[in-house]
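Every number here is computed from the coordinates shown, using simple stated rules; none is lab data. If you're wondering where the values come from, they're calculated on a predicted model, not measured in any experiment. Here the Cβ positions follow ideal geometry from the backbone for every residue, glycine too, while neighbour counts run over all protein chains shown.
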Amino acid sequence: MKNTYLTSYFPLLSMILFGLALAIRSEFVLLGFLKETGIYEGMLEFFTDSSMKLSLLILLVMLFFMLFATLKVIADTLNELSLLFFSRDDDGESLKKVRKGPIIYLIGGLVSLFSVNSFVGIGAIFALTTLIYFIYFVFAVSIKITMSGLIGMIFFQVMVWSTLILGMLYLVLKVYNSVIASLPI
């Protein structure tokens, strides 16, 4: 008997693995910054060296885990919305077909641990994993979608994600420019 929920913990493991990879890299950068500014020595009065590194790692893993959990909620919502708008599937068979997709993210999370020396490497692995998952998702649900519905679903996904990412970049640049403009230089 095959249990459909056998792989239900894969998204959790994927978020932990990607979060761990980013946390390890961020910890290297953060510790370098703290040592360079002299804050690290002051922190050693309250923590031992290993406990401070472990505390920073746990804090960063939790921070990145929350980021990836948020992205997963948004992605699941967008996937189901696109199926609602463009699919002819009334029984939810399309969602059952994409249930094996988190294996792709689990493999990507494992691979990202080999790239902890580079933010670009981890980002590229995450982007490639996301692209592979998107292609898998489109092929898995394409049986219950017409060609025009498939084009609409792809366009919907690309437009919503582009809008979210560009909107966030715009806000970051706006805040950065306002902070730079307010500095007394």
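General remarks:
- Matching residues in the stretch 1-14 - criterion: being free of Cβ contacts under 8 Å to residues at least 24 places away in the same chain and surrounded by fewer than 11 Cβ atoms within 10 Å (Cβ to Cβ): M1, K2, N3, Y5, L6
- Qualifying position, being closer than 24 Å to I104 by Cα, touching a residue at least 24 places away in the same chain (Cβ under 8 Å) and outside any loop (DSSP other than H, G, I, E, B), among L30, L17, L57: L17
- Within the stretch 151-185, the set of residues being surrounded by 12 or more Cβ atoms within 10 Å (Cβ to Cβ) and without any contact (Cβ under 8 Å) to a residue 24 or more places away in the chain comprises I151, I154, F155.
- Complete set of residues in the stretch 65-78 that are in contact (Cβ under 8 Å) with a residue 60 or more places away in the chain and more than 12 Å from the chain's Cα centre (by Cα): L78
- Leading residue by the ranking (surrounded by the most Cβ atoms within 10 Å (Cβ to Cβ)) among those in the stretch 31-64 that are over 17 Å from the mean Cα position of the chain (by Cα) and aromatic (F, W, Y): Y40
- Of the set (1) at positive phi; (2) in contact (Cβ under 8 Å) with a residue 60 or more places away in the chain, all apply to G92 but (2).
- Qualifying residue in the stretch 93-110 (condition: acidic (D, E), buried (at least 16 other Cβ atoms within 10 Å of the Cβ) and more than 24 Å from A23 (Cα to Cα)): no
- Flag if S148 is over 18 Å from T77 (Cα atoms), in contact with a Phe, Trp or Tyr (Cβ under 9 Å, 6 or more places away or on another chain) and either exposed (fewer than 11 other Cβ atoms within 10 Å of the Cβ) or without any contact (Cβ under 8 Å) to a residue 40 or more places away in the chain (or both): yes
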